[in-house]
1. Tell me the residue from VAL71, VAL49, VAL44 that is modelled with pLDDT of 95 or more and in contact with a strand residue (DSSP E or B) (Cβ under 9 Å, 6 or more places away or on another chain), please.
2. Looking only at segment 112-144, count how many residues are in a helix (DSSP H, G or I), surrounded by fewer than 23 Cβ atoms within 10 Å (Cβ to Cβ) and touching a residue at least 12 places away in the same chain (Cβ under 8 Å).
3. Taking interchain pairs and intrachain pairs at least six residues apart, which have beta carbon atoms under 8 angstrom, with the first residue in segment 77-101 and outside any strand (DSSP E or B) and at pLDDT 85 or above and the second aromatic (Phe, Trp, Tyr) and surrounded by 14 or more Cβ atoms within 10 Å (Cβ to Cβ)?
4. Within segment 124-147, track down each residue that is in contact with a Ser or Thr (Cβ under 6 Å, 6 or more places away or on another chain) and of a type in the set (Phe, Trp, Tyr).
5. Quick one: count up the residues across segment 149-189 that are out of contact with any strand residue (DSSP E or B) (no Cβ under 6 Å at 6 or more places or on another chain), more than 22 Å from ARG107 (Cβ to Cβ) and in a loop (DSSP other than H, G, I, E, B).
6. So ALA105 fits all but one of (1) surrounded by 21 or more Cβ atoms within 10 Å (Cβ to Cβ); (2) touching a helix residue (DSSP H, G or I) at 6+ places or on another chain (Cβ under 9 Å); what number is the exception?
7. Every residue in segment 93-134 that is among the hydrophobic types (A, V, I, L, M, F, W, C) and over 21 Å from MET205 (Cα atoms), please.
8. For segment 18-51: of the residues being part of a loop (DSSP other than H, G, I, E, B) and β-branched (Val, Ile, Thr), which is surrounded by the most Cβ atoms within 10 Å (Cβ to Cβ)?
Amino acid sequence: MPDPAARGVPALRALIATRLRDTSPGGDPLAAFLRGARPEHHEVMRKAVPASLAGAAVLVPIVERPEGLTVLLTLRASHLKHHAGQISFPGGRIEPHDASPWEAALREAEEEIGLSREFVSLAGYLNDQLVISGFRVTPVVAFVRPGFELRLDRTEVEDVFEVPFDFILDPANHQSRDRHFQGMTIVTYDIPYQGRQIWGATATMLMTLYRLLRED
């Protein structure tokens, strides 16, 4: 199994672009959860999922710093109804006027953190993911050219920060955690970074990207 972290910046960028080429929104939103669940629980978990899920999209921004790729993350405001104070990607509900999850992710990133779309280029999509607040989320992976300036919407975002991509790719930084769902135990992963705990859907999306890049 190749180690993507051992590659230089151009080679790692090329690997990400290659693995995500020709991907499209969709897929099984339970796939990430089923990976950490016992096989005999898979059908029970599927039956527990609501028949109707609201569509949402998040931008997974990979910043092309000269010294190395980074992942841009946000700290959600503490007063929000859903996921208050959690680390997340910029994003939100797909609105009727959004032409695609890509357009929704760009719009939300502009609204939440002021990231201008002129700096952002599409890399591809990860598998849709179910989140406990009742959304089916499409992770949109994008490369971000340096030179952007951010303007945070403080009603939604308290802070932004970047994590080196090499840190995300190092399995020593992946901490397993047992979570409980409908009386079943699911193994998930947290990624602690400089006193911040990346967990939940955000960590799961990063782990999905990590596994994609580690495939033979």
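1. Details: VAL49 fails: modelled with pLDDT of 95 or more; VAL44 fails: modelled with pLDDT of 95 or more.
It is VAL71.
2. Final tally of qualifying residues: 2.
3. Final answer for the pair search is GLN86/TRP199; PRO101/TYR125.
4. TYR125, PHE143 - these are the residues of segment 124-147 that are in contact with a Ser or Thr (Cβ under 6 Å, 6 or more places away or on another chain) and of a type in the set (Phe, Trp, Tyr).
5. 3
6. (2)
7. ALA99, PHE119
8. THR23
The values are calculated or read from the model by the stated rules, or taken from the named source; none is laboratory data. Small disclaimer: the values here were computed from a predicted structure and weren't measured. When we count neighbours, we look across all protein chains shown, and the Cβ atoms used for this are built from the backbone with ideal geometry, even at glycine.
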